[in-house]
1. Can you compute the helix-only [θ] at 222 nm over the chain? Use -39500 (n - 2.57) per DSSP H run of at least 4 residues, normalise by all residues, nearest 500 deg cm²/dmol.
2. Given a 10 angstrom Cα cut-off, can you work out which residue in Ala64, Ala93, Ala74 is the most mobile in a GNM of the chain?
3. Only counting other Cβ atoms within 10 Å, I'd like Thr40, Thr99 sorted with the fewest neighbours first.
4. With springs connecting C-alpha atoms under 10 Å apart, model the chain as a Gaussian network and identify which of Arg135, Arg154, Arg125 has the largest mean-square fluctuation.
5. If the chain between Val67 and Phe96 were fully stretched, how many nm would it gain, using 0.36 nm times the residue separation less the Cα-Cα distance?
6. If we count every other residue with Cβ under 12 angstrom of Asn144's Cβ, Lys/Arg +1 and Asp/Glu -1, where does the sum land?
7. Compute the helix-to-body angle for 52-71: its Cα long axis versus the longest principal axis of the chain, expressed 0 to 90° and rounded to tens.
8. Comparing Val77, Val139, Val55, which has the greatest mean-square fluctuation in the GNM of the chain with Cα pairs linked when under 10 Å apart?
Amino acid sequence: MRSEDRVDLFAEPIDVEPAPRLEDGRPPRGLTAQGWVRTTGWLQVGDRPVSSACVAAAVGFLWAPIVAVTLMAAFPVAAGILVVTAPAVSGAAWWFFTTWVRPASSARNIGLKRASDLFAGDVVRLYGSIGPVGRVTAVVRDNNVRVDFHGGGRQTWAPSRVVHVAELLS
């Protein structure tokens with residue numbers, strides 16, 4: 001079979017839509033088969049994301065005394081151990097879950113853009129200010145703005161819709 005000089009019919013197919021990458025070139029931990037990235041960085045103080053494991057530890061710190069009060073009469077030692085260990089166990093369990101069981105990347109919002117100002121290569125939050133992120137591969141501006149994402153996802157937004165531009169950290 002005849003082919004052009006630069007066409008290799010036996011080469012592996014090349015993905016023309018590069019997946020989201022970290023600054024050092026590695027794929028993000030939360031990259032899914034659909035092309036979007038699962039994230040955990042939904043709480044920020046200024047421009048610094050707060051680890052979701054810290055949030056889980058704080059929740060453990062809040063629920064432990066409530067459970068300890070109910071255990072105090074029957075198991076006073078267990079109640080005391082629970083109050084001391086619950087925050088660490090809650091934070092470690094969440095870290096393990098988001099690192100190994102259902103990997104998720106840390107991300108932070110770095111700015112806002114109108115949908116009409118998006119370009120291929122932008123990494124944006126798909127559903128508001130929190131949640132998964134996707135890498136824009138194409139933007140079609142018409143009455144509405146159709147945004148195609150790596151992996152085949154597509155959103156249609158009003159041109160004035162404000163979207164959060166994100167930075168992947170892990």
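Computed from the coordinates by the stated procedures, all read-outs in this text should not be read as laboratory data. What you see is a predicted model; the values in this text were computed from it and never measured. Note that we place each Cβ from the backbone using ideal geometry, even for glycine, and neighbour counts take in every protein chain shown.
1. -8500 deg cm²/dmol
2. Result for the chain, Cα springs under 10 Å: Ala74 fluctuates most.
3. Least crowded to most crowded, the residues run Thr99, Thr40.
4. Judging by the Gaussian network model, the answer is Arg154.
5. Going from the current span to full extension adds 8.1 nm.
6. Residues near Asn144 contribute +3 overall.
7. Once rounded, one gets 30 degrees.
8. Among Val77, Val139, Val55, the largest mean-square fluctuation in the Gaussian network model of the chain belongs to Val77.
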